[in-house]
Amino acid sequence: MDTHILDGKKVAELVRAEWKVRADKLVQLGVKPGLAVIIVGNNAASAIYVRNKIKACGDIGIYSEVHSFPENAAQDEVLACIQSLNENPHIHGILVQLPLPAHFENNRVITSIATEKDVDGFHLYNVGALVTGNTAFSPCTPYGVMVMLEKNHIPIEGQHAVVVGRSNIVGKPMALMLLEQGATVTICTSKTRDLSQFTKNADILVVATGKPRMITAKMVKPGAVVVDVGINRLPDGKLCGDVDFESVKEIVSYITPVPGGVGPMTITMLLCNTILAAERAQASIK
Ligand code: GUN
């Protein structure tokens, strides 16, 4: 099989260059796009993600600020911070890094973000907009997957897409976006009985389970397109996805590597959503 590696870094560079032009145009109009990131607690992975997001903002010309709260912070303190960011005209996007500590009510926090600044697309209003095909902000990871498919000219309409994973951040919005583009969509979980019966029928297989290398070659249709959203750290310190890349790459037409596949796209789409939020804010004051 002539396998193509879906190079997320390359597509991310291309998309960032396109959107940098839009960010520069806003700056010329006197509007510098601004993103505020809120992080609560000491989750090591979250700290790394936030650092990477802030660096990417600087590279593309987005102003950014981080609001860090300790693990034992009161929810009301965070809500007050979001309220002041909602009212701050220099901030166009607000992101609360997940997961929050257990004593937080996720929906209470996320729905306190002004819908027009919800660049993660996690506010219930924006989730409803996505469900009804009136998307305001596409959640960054599945949006990145869609853009990667598009930029590689991979057709979606009429294809059977199987999504393994049902999280609010990836699985559910991924399924909705594929459906919107005309795919026939099956949603499975890591616990689906006889999972391979479903995955073997996928023209496009998207895996987001957090289970290292759980998808093996015998579970995949030859010639399929495989997108691996997983990023897992093995005991030896190396990173791997939810797909057994070495065996699966031998039989598919396209596959994303881990790292270097979906990962670089997620942050890129956050930058795009922030620039989009700033464009909309600028248009509304004209
Ligand atoms: N935690 C893991 N992925 C994400 C994401 O896309 N956005 C936020 N806010 N938190 C996350």
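Quick note: the coordinates plus some simple rules give every number you see, no bench work behind them. Quick caveat, the model's predicted, so the values are computed rather than measured. Here the Cβ positions follow ideal geometry from the backbone for every residue, glycine too, while neighbour counts run over all protein chains shown.
For Asn106 and Asp7, calculate 0.36 nm times their separation in residues minus their Cα-Cα distance, and state this gained length in nm to one decimal.
Working: separation 99, 0.36 × 99 = 35.64 nm, distance 3.32 nm.
Difference between extended and current length: 32.3 nm.
Counting each DSSP H run of 4 or more residues in the chain as -39500 (n - 2.57), what helix-only mean residue ellipticity at 222 nm follows after dividing by all residues, to the nearest 500 deg cm²/dmol?
Numbers: 10 runs with 117 residues, N = 286.
My calculation for the chain gives -12500 deg cm²/dmol from helical runs alone.
Determine one quarter of the surface area of the Cα convex hull of the chain, which equals its mean projected area, and express it in nm² to one decimal.
On the way: hull surface 60.4 nm².
The Cα convex hull of the chain, projected and averaged over all directions, gives 15.1 nm².
Stretch Ala45-Ala114 to full length: gain in nm at 0.36 nm per residue minus the Cα-Cα span? Display every interim value, and only then the final one.
Working: separation 69, 0.36 × 69 = 24.84 nm, distance 2.62 nm.
Extending this stretch completely gives an extra 22.2 nm.
For the chain, what relative contact order do you get, as a whole percent, if you take Cα pairs closer than 8 Å and at least 6 residues apart? Intermediate results must be reported in sequence, preceding the final value.
Numbers: 552 pairs, mean separation 65.8, N = 286.
Value for the chain: 23 percent.
When only DSSP loop residues count, what GluC sites (Glu not before Pro) in region 76-130 have their Cβ near at most 15 other Cβ atoms within 10 Å?
Working: sites: Glu77, Glu87, Glu105, Glu116; in loops: Glu87, Glu105.
Sites meeting the loop and neighbour criteria: Glu87, Glu105.
Tell me, how many Å apart are the Cα centres for region 222-236 and for region 1-55?
If you average the Cα positions of each part, the centres end up 22 Å apart.
Given C-alpha coordinates of region 64-143, what is the ratio Rg to Rh with the Kirkwood estimate of Rh?
Values: Rg = 12.8 Å, Rh = 13.3 Å.
Taking Rg over the Kirkwood Rh, I get 0.96.
Would you grab the residues whose amide H sits under 5 Å from the one on Ile215? Only those 5+ places off in sequence or on another chain, please, with H modelled 1.01 Å from N.
Long-range HN contacts for Ile215: Val243, Asp244.
Ordered by residue, what ³J(HN,Hα) values in Hz, to whole numbers, does region 261-267 give under the Karplus form 6.51 cos²θ - 1.76 cosθ + 1.60, where θ = phi - 60° and Gly and Pro are x?
Running phi through 6.51 cos²θ - 1.76 cosθ + 1.60 with θ = phi - 60° gives x, 5, x, x, 6, 4, 5 Hz.
Percent of alpha carbon pairs in region 132-286 separated by more than 27 Å?
Values: 2582 of 11935 pairs.
Roughly 22 percent, once rounded to a whole number.
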